[in-house]
Amino acid sequence: MTNKGFRKDFLWGGATAANQFEGAYNEDGKGLTIADISPGGKLRMPLLFSGDFPLEIDREKYIYPNHQGIDFYHRYKEDIALFAEMGFKTFRMSISWARIFPNGDDQEPNEAGLAFYDQVIDELLKYNIEPTITISHYETPLHLVKEYGGWKNKKLIAFFEKYARTILERYGKKVTYWMTFNEINTAIMGSFFTTAMRNATEADNFQALHNQFVASSLATKIAKEINPAIKMGCMSIYATMYAYDSNPGTVMAREEKNRLFNYFCNDLQVRGEYPSYALAYFENKGIEIEWTEEELAIIKAHTVDYLSFSYYMSTTVSIDPKHRDKQIQGNFFGGVKNPFLEVSEWGWEVDPVGLRLALCDLYGRYGVPLYISENGLGAIDTPDENFVINDDYRIDYLKRHMAEMKKAVVLDGVDLIAYTPWGCIDLVSASTGEMSKRYGFIYVDLDDQGNGDMSRHKKKSFDWYKEVIRTNGEEI
Ligand code: BGP
């Protein structure tokens, strides 16, 4: 294949989230967030979904690797210099809401928090790295859970609006690319990270989502008032969904799952309207969402400029009872084991062609520029005594996904603007709170027990990715 595919201004880069790598969880006036009280370790997801954990730090019972992260807060200069060495065009990061408004409902912002992001952004711009900022990535301030019950409470819309306005006013002249809520569609399954609610009903989850759609549109409105050149995006997980067989019943089950998970939030944020299948779903399930005409008008008027999504794996739907014991879990969702796919060490199915299908599907449906804001392989890296890490498995994973991206651009005509592999520097896993699940081009000397000096080391994939970027994807 030729290189004619990727745009000249294609944004190659990497992605992170404040709560998973900044550390300094209680420094310089930062308040606690839901990430700070979410227990680390393999039991994290079951705990978060059962709601059976305290809304406070309990060090007797749990560990909290996010508290120190990888200490980007103090080491950002060194890390950004390494991103620059790889030739990053963009760096996706999030702002921690509680660094800016420690409780979420404070009158005045915390200047120390704002100053920290001034420095990070300026450091990136020094190397001509365009920041991409996620406004909310799994870290609603804890006070908003305790005092207001999380996102089903409409008061959070105004708190978020104020937070968004504050950071857009501060950085909106320098930063073009923004995203509102990370993986917003995980709210459908009731993810605590997204809704900041425990033991919620399905109706609560949809109410929380509605409130976030309004908040997201208000942020888009504010962004355009501050700087019309800003590009605002939405961000969902996309899971390419297969019907296990050609039984029409299976295909229908796949259709129902697919539209709710892969389309619903994008329909709202890109098209600006509740789709008819959702209205029918609410009606049949007796779900009543509190919305006003004014809110619906805001959602309609302020849609996003581009659609971003994370893609790690596909999923397969079956209605055949004999598949009940062949379930496989992945990134917030599960399905039936696909016999054609291998799995990662964490059991996530690896499916590069699924990424091309995702790109074709989303571009065909929405026709707006697409931004792959996360993708990658969580794997165990074993450095030798000199910290040499030959992560050929990671190179292989990324290579195969990039080849499919390129086909989507060259053969399918998709307008793809960016690719930011997840965890470009090793960081704490969102689903398990582990350090050992590594995605980075840069190794961080830190283990699950917190041992290590956090020194940074280039993996083999570092030089490989640098070459991909240098040739704009010609050398994959
Ligand atoms: C996405 C999240 C990220 C990130 C990634 C990898 O769902 O947006 O925050 O962590 O998944 O997942 P994990 O860390 O669980 O391997």
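The values are calculated or read from the model by the stated rules, or taken from the named source; none is laboratory data. Keep in mind that this is a model prediction, so the values were computed, not measured. No Cβ is skipped: glycine too gets one built from the backbone with ideal geometry, and neighbour counts run over all protein chains shown. Note: accessible area is taken over every heavy atom of the protein model, side chains too, but ligands, DNA and RNA are not part of it. Shrake-Rupley method; radii C 1.70, N 1.55, O 1.52, S 1.80 Å.
Beta-bridge orientation, the chain: approximately 20 percent antiparallel, per DSSP, counting only bridges with both partners inside. The mean accessible area for residues of the chain, using a 1.4 Å probe and ignoring ligands and nucleic acids, is 37 Å² per residue.
For Q68, no residue has an amide H sitting under 5 Å from its own, ignoring neighbours fewer than 5 places away on the same chain, with H placed 1.01 Å from N.
Measure up K42/K322; K126/K458; K89/K173 against 25 Å on the Cα-Cα distance and list the ones that go over.
Values: K42/K322 28 Å; K126/K458 22 Å; K89/K173 18 Å.
Listed pairs above 25 Å: K42/K322.
Candidates I389, S429, M402 compared by Cα position along the dipole of segment 378-476: farthest toward the positive end lies M402, with charges placed on Cβ. Simple rule: put +1 on each Lys or Arg Cβ and -1 on each Asp or Glu Cβ in the chain, find the dipole, and look at V120, G31, F53; the Cα lying farthest toward the positive end is V120. With Rh defined as the Kirkwood radius, the inverse of the mean 1/r over Cα pairs, the Rg/Rh of segment 265-328 is 1.13. Sequentially through segment 81-98, phi angles give Karplus couplings (6.51, -1.76, 1.60; θ = phi - 60°) of 4, 5, 4, 5, 4, 6, x, 3, 9, 9, 9, 8, 9, 10, 9, 7, 3, 6 Hz, Gly and Pro residues having no value and appearing as x. Anything over 26 Å Cα to Cα? Flag those among K337/K437; K30/K300; K231/K459; K221/K407, in the order listed. The pairs that break the limit, which is 26 Å between Cα atoms, are K30/K300; K231/K459; K221/K407. Taking all protein chains together and rolling a 1.4 Å probe, M252 ends up with roughly 90 Å² accessible. A DSSP coil position with no more than 13 other Cβ atoms inside 10 Å describes the following GluC sites (Glu not before Pro) in segment 383-476: E385, E475.
Distant-in-sequence amide contacts of T33, defined by a placed amide H-H separation under 5 Å and a gap of 5 or more residues or a different chain, comprise L142. Kindly provide log₁₀ I(q)/I(0) values, in the same order as q = 0.10, 0.11 Å⁻¹, from the Debye equation applied to equal alpha-carbon scatterers of segment 11-470. For the requested q values the scattering log ratios are -0.68, -0.85.
Ligands, DNA and RNA left out, the 1.4 Å accessible surface of segment 11-470 is 50% carbon and sulfur atoms.
Once each part is reduced to its C-alpha centroid, what is the distance from segment 230-270 to segment 134-150 in angstrom? Rounded to whole Å, the Cα centres lie 26 Å apart. Each residue of segment 226-236 was assigned a 3J(HN,Hα) from its phi angle through the Karplus expression (A = 6.51, B = -1.76, C = 1.60, θ = phi - 60°), giving 6, 8, x, 7, 4, 10, 9, x, 9, 8, 10 Hz with x at Gly and Pro.
With N set to the number of residues, divide the alpha-carbon radius of gyration of segment 328-432 by 2.2 N^0.38 Å and report two decimals.
Details: Rg = 15.3 Å, N = 105, 2.2 N^0.38 = 12.9 Å.
My calculation over the Cα atoms of segment 328-432 gives 1.19.
So what is the 222 nm mean residue ellipticity for the chain from helices alone, if each DSSP H run of at least 4 adds -39500 (n - 2.57) and you divide by all residues, rounding to the nearest 500 deg cm²/dmol? Present the calculation step by step, with values, prior to reporting the outcome.
Numbers: 15 runs with 174 residues, N = 476.
Calculated mean residue ellipticity at 222 nm is -11000 deg cm²/dmol.
Per-residue 3J(HN,Hα) values for segment 30-42, derived from phi via the Karplus relation 6.51 cos²θ - 1.76 cosθ + 1.60 with θ = phi - 60°, read 5, x, 7, 10, 4, 5, 6, 10, 7, x, x, x, 5 Hz in sequence order (x marks Gly and Pro).
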